[in-house]
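What follows is a single structure, and I will ask about it in a moment.
The values are calculated or read from the model by the stated rules, or taken from the named source; none is laboratory data. Model, not experiment: these values are computed from the prediction. No Cβ is skipped: glycine too gets one built from the backbone with ideal geometry, and neighbour counts run over all protein chains shown. We work out accessible area using only protein heavy atoms, side chains counted, and drop any ligands, DNA or RNA first. Shrake-Rupley method; radii C 1.70, N 1.55, O 1.52, S 1.80 Å.
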Amino acid sequence: EQIFTALRLQLLRVASLGLSGFDAPLAQTSLPEIGASLQGISHAVSVYQNSATKKEVALLQSIVASAQQLLQRHSFDNLPRMPFIQTIINPADAILARMQQSLHLPIPDYLPVKWSSNAFFVNGSFNINFFTPDQGSWPTADKIALGKKLFTDPVLSQSNKLSCASCHQPQKSFTDRLAKNKSFDGTQRLLRNTPTLLYAGLQQAQFYSMQAMHLEDQVRNVIENKEEMHGSLHSAVTALQKNSSYKQAFAQTFRDGVTERNIQVALASYVRSLMPFSSHFDAALKGAAKLSPEESKGFDLFMGKAKCGSCHFMPLFNGTTPPHFTHTEAEVIGVPADALFTKVDEDSGRYNNYKIEELRSAFKTPTLRNIARTAPYMHNGVYKTLEAVIDFYDAGGAAGRGFVLPKQTLPADSLHLNSQEKKALIAFMHTLNDE
C-alpha cells in the first residue's frame, strides 16, 4: 500500500512540480528528470507483475515509452502539457489504481488526495479533512449549513451591521472588488486587500501574512479584530443562545451546543465547502472539454517560460506545495505602493509577525482560481488588471526595476514575454473561472 501510494504521489508531483520546473526553474532540467522518474515508476511496478497484473504492467511500460518520445521531441518551453497530463499522467495513474485493486491493496484515506479507482485528474478530489486541525473540525452538511447562515448574519459584529459576507461577497467570488475596504469605524482603509474565500480551505496558512494556520483561527481573528468586525465570540455565544432557531441548530449539530469553538468550526466548515472545481480547465483535465489553441499555449507558458506554475502550483494554483500539501509558501516579490511604481509597498508582511529579516515583505501565495473575477490584485490591490500583473512579473518585480530588495525571491531577470504570449496567459487564466 505504501509503495503504491508513493508511486501515485510521485505522478502527481511530476504533473504539478515537474512540468513547471519547480526544482530548478532556471536550469530547465525537469524534462529528463520526468523521464527518469517515470522509468523508476515503471520498474517498481514490474516487481508486482503476476497473471492478474501482467497486462497492466505492459500497458504502463508502453505509456512510459511514449512519454520518453514526447519528452525528447520537445524543449522545456514548448512541451504540450495538457496532452502530457491526459495521455501520460492520467492513464498511468489509472493503471496504478487498477493494480491496487487487483493486488487487494487498500486505498488510504489519510492523504490530502482522495483517490478513487480512477485517475486523480479524472475522478479525484481533495480530502478536505486533511486540512483541518482535528476531527472535531471535519465538515458535515449540518456544520456547513449552520456556517452559511452565520456567514451572512451581522450578529457576529459589535455594531450588528457587518457580517462576513459584507466583505466576502458571494456574487463577487467572495471578495469585495475594492483595493482595500473601509475599517470598522469607516475612518480609514484596512491594511490589505480582501482575498477570495474560494478554495481557502485547501491551504496550510491563512491571511496574506500567514499569522493563522487554520480557518478556525482566522474566524476568531477577523471577528475580534477592532478594525474589521470589532466583535467578540464570547458576546456572540450569548446572543446566539437567546435565539431559539440558532440554539436548536447548534444543539443538532454539536453535542455541546453554542460555544465559541463551535461558531469557529461552523464558519470554517462553510468556507471549506467553497471549492467547486467546475472550471473549464477542470473539465479539460477530465477530458470533458478542450482548451483552445490560445488557452493551451497559455497553460504551457504558465507552467514553462513564464514560470507562474513554480509558485502557483497546479492543480490548486496556490502556494500549497504538492504532492503532500503540508506547507504553504510565501514569496517576496516587491509589490509597488502605487500603479506608477514610484516605490515599493511599505507593508512588511510576515515580518510583522515574526521579526525575521528573511520574511520582510513576504506574503502568502494565493490561489489563481477565479482570478479573472477577483480584481484588483496583490495584497494592497495596487493593480486593476491582469495585464498589469503580468507586466510586473515580466519585468522581474521590484528588483527588476532597480529597487533594492535584498530578500526578493522572485528572479529579477525579465521573462521576455511578447504581447501574444501575455494575451495567451490571460486566456488561460480565464479558464480557471468556476462555472
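Amide H to amide H under 5 Å from ARG189: which residues, 5+ apart in sequence or cross-chain, H placed 1.01 Å off N in plane?
Distant-sequence amide H within range of ARG189: SER183.
Karplus couplings for the range 133-139 from phi (6.51 cos²θ - 1.76 cosθ + 1.60, θ = phi - 60°), rounded to Hz, Gly and Pro as x?
Those phi angles translate into x, 6, 5, x, 9, 4, x Hz.
With a 10 Å cut-off between alpha carbons and a GNM built on the chain, which of SER37, SER20, SER278 moves the most?
Evaluated over the chain, the most mobile residue of the options is SER278.
Also: Quick one: Cα centre-to-centre distance for the range 1-51 and the range 215-242, in angstrom?
Using only Cα atoms, the two centres lie 46 Å from each other.
Once a ≥ b ≥ c are taken as the square roots of the eigenvalues of the Cα gyration tensor of the range 51-189, is the result rounded (a/c under 1.5), prolate (a/b larger than b/c) or oblate (a/b not larger than b/c)?
oblate
Note the full-extension length gain between GLN72 and SER159 as 0.36 nm times their separation in residues minus their Cα-Cα distance, in nm to one decimal.
24.9 nm
Placing +1 on the Cβ of each Lys and Arg and -1 on the Cβ of each Asp and Glu in the chain, which of ASN181, LEU415, LEU274 has its Cα farthest towards the positive end of the resulting dipole?
So the residue we want is LEU274.
Measuring with a 1.4 Å probe in the full set of protein chains, what accessible area per residue, in whole Å², belongs to the range 182-282?
44
If you don't mind, another one. Would you mind checking the tilt of helix 30-46 against the longest principal axis of the Cα atoms of the chain, expressed as 0 to 90 degrees and rounded to 10?
With rounding to tens, the tilt is 70 degrees.
Let me ask you something else. To test your reading of the geometry: what angle, between 0 and 90 degrees and rounded to tens, separates the Cα axis of helix 244-253 from the longest principal axis of the chain?
Computed tilt is about 30 degrees.
Assigning unit charges at the beta carbon (Lys, Arg +1; Asp, Glu -1) and nothing else, what dipole magnitude in debye, to the nearest 20, does the chain show about its Cα centre?
Around 620 debye, computed over the chain.
For the range 156-297, with all protein chains present and a 1.4 Å probe, just round the carbon and sulfur fraction of the accessible area to a whole percent.
Whole-percent figure for carbon plus sulfur exposure: 50.
Which of ILE356, ILE263, ILE107 moves the most in a Gaussian network model of the chain with Cα springs under 10 Å?
ILE356
Quick check: Cα centre of the range 338-398 to Cα centre of the range 57-109, how many Å?
Distance between centres, Cα-based: 36 Å.
Under a straight-distance cross-link criterion of Cα-Cα below 17 Å, which aspartates and glutamates are reachable from LYS148, leaving out those fewer than 8 residues away in the same chain?
Excluding near neighbours in sequence, the set is GLU216, GLU260.
Name the long-range amide H neighbours of VAL113: under 5 Å, sequence gap of 5 or more, or other chain; modelled H, no Pro or chain starts.
The list, which skips near neighbours in sequence, is ASN127.
Could you run the Karplus curve 6.51 cos²θ - 1.76 cosθ + 1.60 with θ = phi - 60° over the range 140-145 and give me ³J(HN,Hα) per residue in whole Hz, x for Gly and Pro?
Rounded to whole hertz, the list is 10, 4, 5, 5, 5, 5.
Kindly work out what percent of the DSSP beta bridges joining two residues of the chain are antiparallel, to the nearest 5.
Bridges in the chain are about 90 percent antiparallel.
Next question, about the same structure. Suppose the chain between GLU357 and THR152 were pulled fully straight at 0.36 nm per residue; how much longer would it get relative to their current alpha carbon spacing?
Length gained between GLU357 and THR152: 69.9 nm.
Shifting gears a bit: In whole Hz, what ³J(HN,Hα) sequence does the range 169-176 give by Karplus (6.51, -1.76, 1.60; θ = phi - 60°), x for Gly and Pro?
Per residue, the Karplus-derived 3J(HN,Hα) values read 7, x, 6, 10, 6, 6, 10, 10 Hz.
So, counting K/R as plus one and D/E as minus one, what does the shell of residues with Cβ under 12 Å around LEU425 add up to?
-2
Which aspartates and glutamates, on any chain, are close to LYS355 with Cα under 17 Å apart, when same-chain ones fewer than 8 places away are left out?
GLU331, GLU346, ASP347
Identify which of ALA362, ALA249, ALA306 has the largest mean-square fluctuation in a Gaussian network model of the chain, with springs joining Cα atoms closer than 10 Å.
Result: ALA249 has the largest fluctuation of those listed.
Right, here's the next one. Could you work out how far helix 2-13 tilts from the main Cα principal axis of the chain, as a 0 to 90 degree angle to the nearest 10?
80
On to the next question. Here are some pairs, LYS55/LYS297; LYS305/LYS407; LYS226/LYS423; which of them have Cα atoms lying more than 32 Å apart in this structure?
Among LYS55/LYS297; LYS305/LYS407; LYS226/LYS423, the Cα-Cα distance tops 32 Å for LYS55/LYS297; LYS226/LYS423.
Once amide H atoms are placed 1.01 Å from N in the peptide plane, what residues at a sequence separation of 5 or more from TYR383, or on another chain, have their amide H within under 5 Å of its amide H?
Amide H to amide H, under 5 Å and 5 or more residues apart or across chains, TYR383 pairs with TYR377.
Specify whether the C-alpha gyration tensor of the range 253-409 places it in the rounded, prolate or oblate class, a ≥ b ≥ c being the square roots of the eigenvalues: rounded for a/c under 1.5, otherwise prolate if a/b is larger than b/c and oblate if not.
In terms of gyration-tensor shape, oblate.
Filter the cross-link list LYS364/LYS384; LYS182/LYS307; LYS161/LYS364; LYS143/LYS290; LYS149/LYS290 down to pairs whose alpha-carbon distance in this structure exceeds 28 Å.
LYS182/LYS307; LYS161/LYS364; LYS143/LYS290; LYS149/LYS290
With just the Cα atoms of the range 187-233, tell me how far they stretch along each of the three principal axes, in Å, largest first.
Dimensions of the range 187-233 along the principal axes of its Cα atoms: 33, 24, 17 Å.
A further question on this structure: Find the accessible area per residue for the range 312-435; the probe is 1.4 Å, ligands and nucleic acids are left out, and the unit is Å².
Accessible area per residue: 43 Å².
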